[in-house]
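Please read the structure below before turning to the comments.
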Amino acid sequence: MIAPKHILGTFDEALATLRNNVLMMSSLTERSLERAITGLLQRDDELCAIAIADDEEIDQLEKQVDKDGIDLLLRFQPVASDLRRVVSAMKLSSNLERMADQGTNIARRARKLNQHPALPETELIRPMYLHAMTMFKDSIDAFIREDVQLARSVIPRDQGLDDMNSSASRRLIERMAEDPTQLRGYLNLIFISRCLERVGDHATNMAEDAVYAAAAEDIRHQHLVPAE
Amino acid sequence: MVTVLEMPETPSQLTVNQPAPTPNLEVERGIIEIDSVDFAYGTNKVLHDISLNIPPRSVTAFIGPSGCGKTTLLRCLNRMNDHIDGAGITRGSIKIEGLDINAPHLDVVDLRRRVGMVFQKSNPFPKSIYDNVAYGLRIAGISKRNLIDEAVEKSLRSAALWDEVKDRLHVSGYGLSGGQQQRLCIARALAVEPEIVLMDEPCSALDPIATAKVEELIRQLKEQYTIVIVTHNMQQAGRCSDVTAFFYLGRLIEFDRTTKIFSNPAQRQTEEYITGRFG
């Protein structure tokens with residue numbers, strides 16, 4: 001639902017700025033993860049270095065979103081959907097920053113892998129990356145368009161990513177036993193796989209926040225609630 | 001009737017312009033039961049089919065834009081509108097603890113003892129602090145000095161004013177600050193031991209500190225009294241009240257727990273009003 005204009009134009013402007021900064025963070029995070037993975041798959045150290053450097057801007061944006069969010073709460077004391085939008089934007093920014101940290105971790109591991117001969121098992125990472133990024137983009141889309149259905153659709157997809165991570169880890173541990181000379185390389189791939197699994201977790205968190213922002217419903221940790 | 005405080009806090013979908021969801025009823029009656037009330041000033045009908053149950057020992061806030069009828073409804077609860085020629089309830093009933101307050105032979109003075117009122121602007125009588133509080137007791141026929149002394153102290157303590165005035169009880173009430181005067185008026189209302197206290201924008205003329213003191217007082221008073229407050233200050237409604245009723249153009253648009261109204265109102269008009277997207 002697109003809300004009608006606020007009586008205070010300054011409120012709408014402040015909220016738009018907050019949301020634009022979150023969108024900017026999301027674009028930079030997406031780009032950073034893309035560069036890190038491309039750096040891994042194409043063995044490109046330069047891209048890895050750029051991905052690592054990107055993190056600084058995302059960190060600064062996270063601080064900016066927090067500052068703007070606090071200012072907005074302080075000045076306008078928003079309620080109802082306005083309050084949910086502000087709180088969710090701040091939570092989203094925190095998840096985006098952590099997601100970008102996973103991009104940095106991937107890039108660092110990729111640079112180490114690039115120092116040694118290519119491992120065919122690196123290809124295990126590609127489908128995981130594609131799966132995680134679809135979750136990521138859908139959760140951001142759901143937040144921006146306040147699309148509850150799309151946000152809900154992201155959550156069950158995390159299990160698929162978890163399964164891919166488990167399967168890749170099993171395969172890589174097997175390879176470590178078969179070829180101990182490449183032990184460090186396989187270990188780095190296990191770490192990268194786990195980073196992507198974490199990206200999926202953050203995308204899930206963001207989808208949950210998108211549902212809260214649009215429908216005022218807290219769908220977190222529902223699997224922990226005992227059935228009546 | 002299930003009072004609104006017993007309603008489960010379940011998430012609900014936003015709905016647009018549906019009739020007011022009068023909380024659904026039957027476990028416990030509201031102390032005030034307003035049933036299908038229409039009210040008119042002469043031919044000008046200003047309240048339309050208002051039904052709501054106000055839960056006992058809680059704070060109920062009436063919110064809405066100017067002219068929505070919230071003060072008119074508040075004044076119906078102790079028949080303050082009787083003083084306005086041609087004004088009155090044209091349909092429906094208001095019951096307090098099951099008693100129809102508009103019944104022909106009802107003792108209005110007794111009603112107003114049971115349903116006290118605090119106004120927007122503090123209005124102490126041109127008398128001493130002591131006499132202001134004692135006034136209601138004296139006109140109720142109580143003359144024993146020790147009983148009045150006791151009631152004055154108790155009321156001033158309840159209104160969180162005792163410590164500030166105990167050494168100058170016999171100086172004029174006009175010598176108090178605005179916030180103190182308002183608390184004096186609350187003490188005066190409490191002295192006759194009402195069951196319900198109506199407050200019509202009680203903090204609109206007060207600074208933030210005096211407002212905070214009155215709000216804290218409201219929180220304490222609800223242990224003993226049922227409080228209905230009209231306020232234009234949305235944050236105040238959010239801070240003080242347990243349930244909130246939103247009125248617009250003489251109609252009750254939404255009545256629900258305050259946390260629900262201010263986090264996820266069911267009606268689009270409520271959402272637009274409380275978020276400042278109205279009109």
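The values are calculated or read from the model by the stated rules, or taken from the named source; none is laboratory data. If you're wondering where the values come from, they're calculated on a predicted model, not measured in any experiment. Counting neighbours? That spans all protein chains shown, and the Cβs are built from the backbone with ideal geometry, glycine included. These accessible areas exclude ligands, DNA and RNA; they are computed on the full protein's heavy atoms, side chains included. Shrake-Rupley method; radii C 1.70, N 1.55, O 1.52, S 1.80 Å.
Calculation over all alpha carbon pairs of the stretch B:36-149 in 5 angstrom steps from 0 returns a P(r) of 2, 9, 17, 20, 19, 13, 10, 6, 3, 1, 0 percent. Restricted to Cα atoms, chain A shows a radius of gyration and a Dmax of 19.4, 68 angstrom. Cross-link partners for A:Lys137 among the lysines, with Cα-Cα distance under 23 Å and sequence neighbours closer than 8 places in the same chain left out: A:Lys63, A:Lys91. Checking the a/c ratio against 1.5 first, then a/b against b/c, what shape does the Cα gyration tensor give for the stretch A:62-101? Taking the square roots of the gyration eigenvalues as a ≥ b ≥ c, the stretch A:62-101 is oblate.
What the protein assembly as shown shows is 47 Å² of accessible area per residue, with the surface traced by a 1.4 Å probe over protein heavy atoms.
Residues B:Ser36, A:Ser32, A:Ser167, sorted by accessible area with the largest first, give A:Ser167, B:Ser36, A:Ser32 [1.4 Å probe; ligands and nucleic acids excluded]. For the stretch A:24-32, backbone phi angles converted through the Karplus equation (6.51, -1.76, 1.60; θ = phi - 60°) give residue-by-residue couplings of 4, 4, 5, 5, 5, 5, 4, 5, 5 Hz, Gly and Pro being listed as x. Rg and Dmax of chain B, based on Cα coordinates, read 18.9, 59 Å. The sum of -39500 (n - 2.57) across all DSSP H runs of n ≥ 4, divided by the residue count of the protein assembly as shown, sets its helix-only mean residue ellipticity at 222 nm to -18000 deg cm²/dmol.
Any of B:Lys154/B:Lys222; A:Lys67/B:Lys260; B:Lys166/B:Lys213 with alpha carbons more than 23 Å apart? Name them for me. In this structure, A:Lys67/B:Lys260 lie more than 23 Å apart at Cα. Cα convex hull, the stretch B:145-212: 92 Å³ per residue, rounded to a whole number. When the residues B:Glu216, B:Glu254, A:Glu13, B:Glu272 are ordered by accessible surface, computed with a 1.4 Å probe over the protein chains alone, the sequence from largest down reads A:Glu13, B:Glu216, B:Glu272, B:Glu254. Between chain A and chain B, the total buried accessible area stands at approximately 1400 Å², from heavy atoms with a 1.4 Å probe.
Whole-percent P(r), the protein assembly as shown, all Cα pairs, 10 Å bins from 0: 4, 16, 20, 17, 14, 11, 8, 6, 3, 1, 0. Which of the three applies to the stretch B:206-279, rounded, prolate or oblate, going by the alpha-carbon gyration tensor with a ≥ b ≥ c and a/c under 1.5 meaning rounded? Here the stretch B:206-279 falls in the prolate category. For chain A, find the longest principal axis of its Cα atoms and tell me its angle to the long axis of helix A:157-178, 0 to 90°, nearest 10. Value to nearest ten degrees: 20. Relative to the longest principal axis of the Cα atoms of chain A, the long axis of helix A:45-76 makes an angle of roughly 20 degrees.
Mind checking the stretch B:197-279 for chymotrypsin sites (Phe, Trp or Tyr not before Pro) that DSSP puts in a loop (not H, G, I, E or B) and that have at most 11 other Cβ atoms within 10 Å? Intermediate results must be reported in sequence, preceding the final value.
Values: sites: B:Tyr225, B:Phe246, B:Phe247, B:Tyr248, B:Phe255, B:Phe262, B:Tyr273, B:Phe278; in loops: B:Tyr225, B:Phe278.
Here no loop site has a sparse enough neighbourhood.
Of interest is the spacing of the C-alpha centroids, which for the stretch B:76-135 and the stretch A:59-122 amounts to 58 Å. Shown here for the stretch A:1-106: trypsin sites (Lys or Arg not before Pro) in loop regions (DSSP other than H, G, I, E, B) with at most 14 other Cβ atoms within 10 Å, namely A:Lys5. Given a 1.4 Å probe and the protein chains as shown, B:Ser263 ends up with an accessible area of around 50 Å². Within the shell defined by Cβ-Cβ distances under 14 Å, the residues around A:Ala207 carry a net charge of -4, with Lys and Arg each +1 and Asp and Glu each -1. Taking all protein chains together, A:Val87, B:Val152 sort by accessible area into A:Val87, B:Val152, largest first [probe 1.4 Å]. Comparing mean-square fluctuations of B:Leu217, B:Leu106, B:Leu137 from a GNM of chain B with C-alpha springs under 10 Å, the top value falls on B:Leu106.
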